[in-house]
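Accompanying notes for the structure given below.
The values are calculated or read from the model by the stated rules, or taken from the named source; none is laboratory data. Fair warning: this is a prediction, and the values are worked out from it, not measured in the lab. Here the Cβ positions follow ideal geometry from the backbone for every residue, glycine too, while neighbour counts run over all protein chains shown. Accessible surface areas use protein heavy atoms only, side chains included; no ligands, DNA or RNA. Shrake-Rupley method; radii C 1.70, N 1.55, O 1.52, S 1.80 Å.
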Amino acid sequence: FCMRVNTVPAYKRANREVASLKDSEGKAFVTTGYRVSGAPSTGGSSSSSSRPQKLSFTIGKDCVVGEGVQIGKKTNIKKSVVGKYCKIGEKCRITNCVLMDHVTVEGMVTLSDTVVCSNANIQQMSSLDNCEVGCNFTIE
């Protein structure tokens, strides 16, 4: 896979295309390293480990989610790429976005068509549409 990316719209498009790629066996190329916020790690054996856990959030099939991501309850993520070790709060709506590594999105945030760079913090009840958030910035 190779694509020239020299503008922000091209960067968003490239990230969306990665989410739609298939491997050599025809399976979707999606990393699922997320866990429910506040849930204990699944180490060791337990009687409940044989039952599948019902997720309290929704991730679209066209998303890529990096390892170590924590996602709060009632959060919806669609057509987005989420980097490693991001923390996403409860009741968030993230659509057509790129979140780079170590981004914190607090509760009840709405993000649409937005690129959020590494180590950024989006505080509670923020709403961003078609924005670019730089590294280490805080949105109040």
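Using modelled amide H (1.01 Å from N, peptide plane; none on Pro or chain starts), what sits under 5 Å from the amide H of Val64, excluding residues fewer than 5 places away?
Distant-sequence amide H within range of Val64: Ser80, Val81, Val82.
Which trypsin sites (Lys or Arg not before Pro) from the range 55-121 combine a DSSP loop assignment with at most 10 other Cβ atoms within 10 Å?
Within the range 55-121, the qualifying trypsin sites (Lys or Arg not before Pro) (loop, at most 10 other Cβ atoms within 10 Å) are Lys61.
Carbon and sulfur together cover what percent of the accessible area of the range 99-140 at a 1.4 Å probe radius? Write out the running numbers ahead of the final one.
Details: 1000 of 2230 Å².
After summing per-atom areas, the C and S share lands at 45 percent.
For the range 58-140, what is the accessible area per residue in Å², given a 1.4 Å probe and the full set of protein chains?
That works out to 49 Å² for each residue.
What does the charge add up to near Glu90, with Lys and Arg as +1, Asp and Glu as -1, over the other residues with Cβ less than 10 Å from its Cβ?
+2
Give me the distance in nm between label points sitting 7 Å out from Cα along the Cα-to-Cβ direction at Ser56 and Gln70, one decimal.
1.3
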